[in-house]
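Reviewing the structure listed below.
The values are calculated or read from the model by the stated rules, or taken from the named source; none is laboratory data. Fair warning: this is a prediction, and the values are worked out from it, not measured in the lab. We place every Cβ from the backbone using ideal geometry, glycine too, and count neighbours over all the protein chains shown.
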Amino acid sequence: MIGIADQGSYPLPMIPAPRKGRGQALDAGAPVQDIEDFKNTMTAYPKTAALMARGAEFLGSRYAILCGAMSWVSERNLVSAISNAGGFGVIACGAMSPELLDAEIAATRALTDRPFGVNLITMHPQLFDLIEVTKRHRVSHVVLAGGIPPKGSVEAIKEFGAKVLVFAPTIALAKKLFRSGADALVIEGSEAGGHIGPVSTGVLAQEFLPELAEDHIVFVAGGIGRGEAMASYLEMGAAGVQLGTRFAAAAESIAHPAFKKAFFRANARDAIASVQVDPRLPVIPVRALKNKGTEEFTAKQIEVAHALDAGTLDMAAAQLEIEHFWAGALRRAVIDGDVERGSVMAGQSVGLVTEELPVATIISNLMGECETALAGRGRIG
Ligand SMILES: Cc1cc2nc3c(=O)[nH]c(=O)nc-3n(C[C@H](O)[C@H](O)[C@H](O)COP(=O)(O)O)c2cc1C
């Protein structure tokens with residue numbers, strides 16, 4: 001199966017050092033929300049701030065807007081810019097070694113005194129070493145992504161006082177994870193960029209929020225490009241939202257100019273989920289902009305399936321060929337700017353990304369749109 005690391009490591013976030021004069025807890029890892037931040041948000045965006053209060057308190061940020069970890073994109077520059085602008089940045093650890101993660105966390109810390117998180121892929125062979133790194137840096141929030149957290153991982157994170165965010169495709173699994181100590185849940189619909197599940201954000205929100213949002217912190221991700229959509233999910237009980245695509249081409253993102261240009265040109269329908277051609281050759285769906293690489297991937301699957309039928313390849317070799325097809329492809333797109341053969345992961349909201357804007361502008365636009373939408377509720381006729 002195509003592993004997360006194969007399309008170019010999904011990257012990581014962290015417990016901030018005590019923030020002087022900001023009420024930062026000294027021994028516990030979790031950051032405390034800045035009271036001045038909260039008051040300012042209440043004044044500028046009172047309805048949104050009220051609906052976001054639980055999420056913002058949980059994150060220790062001004063706004064309950066996470067920038068989801070994006071491998072190669074969510075590094076020190078973007079993560080610190082998001083957190084400095086009042087959102088919550090998350091470092092994408094992806095396939096990084098513990099040493100690289102250590103350096104990335106330290107470098108991010110040097111750029112912001114605001115809280116940020118670290119996203120760890122559960123299938124990483126050194127997951128517990130990576131957790132140790134987050135512990136050393138007093139990372140406040142660890143996101144476990146890419147699969148069910150292995151035994152002992154949630155406990156190892158909570159043991160040093162950090163909060164654990166998890167993903168779950170079903171309500172039953174979400175409840176189980178909450179029972180085993182998870183502090184918050186991200187539900188992510190198929191509109192999202194990157195590795196996706198089969199169900200849309202709108203349907204997941206209708207399933208999960210009525211059942212879980214009253215007693216738990218739930219963030220909604222996938223396909224959110226404007227504040228009006230945020231307003232709807234917040235009204236349904238979400239504690240906050242997570243966006244990726246909207247921020248990937250921000251001014252502070254280190255993504256190659258060609259990667260950003262591909263975003264500005266693309267429409268929603270260009271962000272397609274990878275197709276599995278043959279049931280014997282499993283492919284985890286990834287949403288990315290269609291390009292030569294996505295076409296060649298389909299052709300490769302057909303070629304390999306024929307070789308299987310003809311007996312010129314055995315199953316293990318066939319699956320390996322499929323698995324290796326995208327190796328390093330996200331890096332090629334994001335860092336090298338190869339938008340033809342690289343994996344240009346993007347969600348359907350890419351159609352709403354038309355220009356390079358600073359993170360602070362994107363966030364204030366989202367907050368403004370959300371507030372206007374909420375203020376307009378109840379005005380019929
Ligand atoms: C380029 C790109 C890379 C991504 N890499 C990761 C990752 O490394 N780990 C992860 O958990 N999610 C990853 N995601 C998903 C985002 O964290 C986020 O949940 C998603 O983008 C939200 O949906 P949206 O794209 O519709 O805003 C990635 C998304 C994109 C667009």
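The set of residues in the stretch 319-350 being in contact with a Leu (Cβ under 9 Å, 6 or more places away or on another chain) and either within 19 Å of R265 (Cα to Cα) or at pLDDT 95 or above (or both) consists of A333, V339, G342, S343, V344, M345, A346, G347, S349, V350. When F116 is tested against (1) more than 16 Å from the ligand (Cβ to nearest atom); (2) closer than 20 Å to K158 by Cβ, just one condition goes unmet, and that condition is (1).
Where helices (runs of 4 or more DSSP H) fall wholly inside the stretch 167-274, the ranges with 2 or more residues that are at pLDDT 95 or above and of a type in the set (S, T, N, Q) are 201-212. Does F259 satisfy being of a type outside the set (S, T, N, Q) and away from the ligand (no atom under 12 Å from the Cβ)? Taking the combined requirement at face value, the residue does not satisfy it. In the stretch 206-218 there is at least one residue matching the filter, namely being surrounded by 22 or more Cβ atoms within 10 Å (Cβ to Cβ), farther than 22 Å from F88 by Cα and not assigned by TED's automatic domain parsing to the domain that holds L330.
Taken over the stretch 125-148, the criterion of being in a loop (DSSP other than H, G, I, E, B) and either among the polar types (S, T, N, Q) or crowded, with 24+ Cβ neighbours inside 10 Å (or both) is satisfied by Q126, V139, S140. From V218, V275, V334, V283, grab the single residue that is within 16 Å of the ligand (Cβ to nearest atom) and more than 23 Å from A373 (Cα to Cα). Only one candidate qualifies: V334. The residue pairs whose first member lies in the stretch 140-151 and is over 9 Å from V118 (Cα atoms) and within 12 Å of the ligand (Cβ to nearest atom), whose second member is at pLDDT below 95 and of a type in the set (F, W, Y), and whose beta carbons are closer than 7 Å, counting only pairs six or more residues apart or on different chains, are A145/Y10; G146/Y10.
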